[in-house]
Amino acid sequence: MSTLITVKETLWSDLDVEATLDAPIGPLTWYETGGRAEALISPKSVKALQLLCQRCDESGIPVRVLGSGANLLVADDGVDGVVIRLNQPTFQETLWNDSGNGDPTRISAGVDLMGIVQESARRGFAGLSQLAGIPATIGGAICMNAGGAYGDVAQSIHSIE
């Protein structure tokens with residue numbers, strides 16, 4: 001494993017996070033197989049996420065983000081570094097704009113894509129139907145530009161923060 005264990009206190013001890021060392025992450029994937037993460041961290045705020053990523057970068061600690069765990073195989077030997085889960089309420093928020101004034105809807109990175117596609121259709125919003133059936137979180141869908149023959153998520157993005 002990496003040097004994470006010797007620097008863990010400076011990485012997240014003063015941050016608002018839930019952290020587990022030597023955490024089993026294989027069971028968090030759709031295939032429910034694979035090893036452990038050296039550290040599994042769930043930030044509770046955007047600021048905690050930013051500081052954690054900055055500290056990991058400065059320390060040379062690898063960072064990975066675990067979304068819904070679809071299309072992911074975890075090595076039996078495990079994963080060095082920090083695995084981040086955006087499963088806290090701050091990263092599960094959706095702010096819908098039903099006013100019709102053109103202002104965008106805001107969706108946090110940890111929100112389930114399939115749920116957003118369904119709720120968008122219920123609300124009469126167009127533009128996401130091409131993503132129906134794709135298993136991902138919004139953050140993962142954006143990162144990999146999820147889509148297919150009929151379009152992709154990039155066509156529906158106004159901005160990313």
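For the stretch 74-104, enumerate the residues that are assigned to a loop (DSSP other than H, G, I, E, B), over 20 Å from residue 62 (Cα atoms) and in contact with a Lys or Arg (Cβ under 9 Å, 6 or more places away or on another chain).
88, 93, 96, 97, 98
Being in a helix (DSSP H, G or I) and at pLDDT 95 or above is the filter; apply it to the stretch 10-40 and report the residue that is least open to solvent (accessible area, probe 1.4 Å).
Filtering the stretch 10-40 for residues that are in a helix (DSSP H, G or I) and at pLDDT 95 or above, the one least open to solvent (accessible area, probe 1.4 Å) comes out as 26.
Just wondering, is there one or more residues in the stretch 111-128 that are in contact with an Asp or Glu (Cβ under 6 Å, 6 or more places away or on another chain) and farther than 25 Å from residue 40 by Cβ?
So far as the stretch 111-128 goes, no, none of its residues is in contact with an Asp or Glu (Cβ under 6 Å, 6 or more places away or on another chain) and farther than 25 Å from residue 40 by Cβ.
Test residue 79 against the stated conditions and say whether it is touching a helix residue (DSSP H, G or I) at 6+ places or on another chain (Cβ under 6 Å) and either among the β-branched types (Val, Ile, Thr) or surrounded by fewer than 19 Cβ atoms within 10 Å (Cβ to Cβ) (or both).
Details: touching a helix residue (DSSP H, G or I) at 6+ places or on another chain (Cβ under 6 Å): no; either among the β-branched types (Val, Ile, Thr) or surrounded by fewer than 19 Cβ atoms within 10 Å (Cβ to Cβ) (or both): yes.
Spelling it out, it is not the case that residue 79 is touching a helix residue (DSSP H, G or I) at 6+ places or on another chain (Cβ under 6 Å) and either among the β-branched types (Val, Ile, Thr) or surrounded by fewer than 19 Cβ atoms within 10 Å (Cβ to Cβ) (or both).
Would you be able to tell me the number of residues in the stretch 121-154 that are within 23 Å of residue 69 (Cβ to Cβ) and not aliphatic (A, V, I, L, M)?
Total satisfying the criteria: 11.
Within the set of pairs 6+ apart or on separate chains, which have a first residue in the stretch 120-140 that is closer than 17 Å to residue 95 by Cα, a second that is among the aromatic types (Phe, Trp, Tyr), and C-beta atoms under 7 Å apart?
Pairs found: 123/96.
Out of the residues in the stretch 138-160 meeting the condition of being assigned to a loop (DSSP other than H, G, I, E, B) and among the small types (Gly, Ala, Ser), tell me which one is least open to solvent (accessible area, probe 1.4 Å). Step through it out loud before you land on a result.
Step one: of the stretch 138-160, the residues assigned to a loop (DSSP other than H, G, I, E, B) are 144-146, 149-150, 157-160.
If we keep only those that are among the small types (Gly, Ala, Ser) too, we end up with 146, 149, 159.
Working: 146: 6, 149: 102, 159: 87 Å².
Out of the qualifying residues, it is 146.
For residue 45, which of the numbered conditions (1) at pLDDT 95 or above; (2) open to solvent by 30 Å² or more (accessible area, probe 1.4 Å); (3) touching a strand residue (DSSP E or B) at 6+ places or on another chain (Cβ under 8 Å); (4) among the polar types (S, T, N, Q) fails to hold?
Residue 45 satisfies every listed condition except (3).
Out of the stretch 26-83, which residues are at positive phi and free of Cβ contacts under 8 Å to residues at least 12 places away in the same chain?
Matches in the stretch 26-83: 32 only.
The values are calculated or read from the model by the stated rules, or taken from the named source; none is laboratory data. Quantities reported herein were computed from a predicted structural model and do not represent experimental measurements. Glycine gets a Cβ as well: all are built from the backbone with ideal geometry, and neighbour counts include every protein chain shown. Protein only, heavy atoms only, side chains kept; ligands, DNA and RNA dropped before computing areas. Shrake-Rupley method; radii C 1.70, N 1.55, O 1.52, S 1.80 Å.
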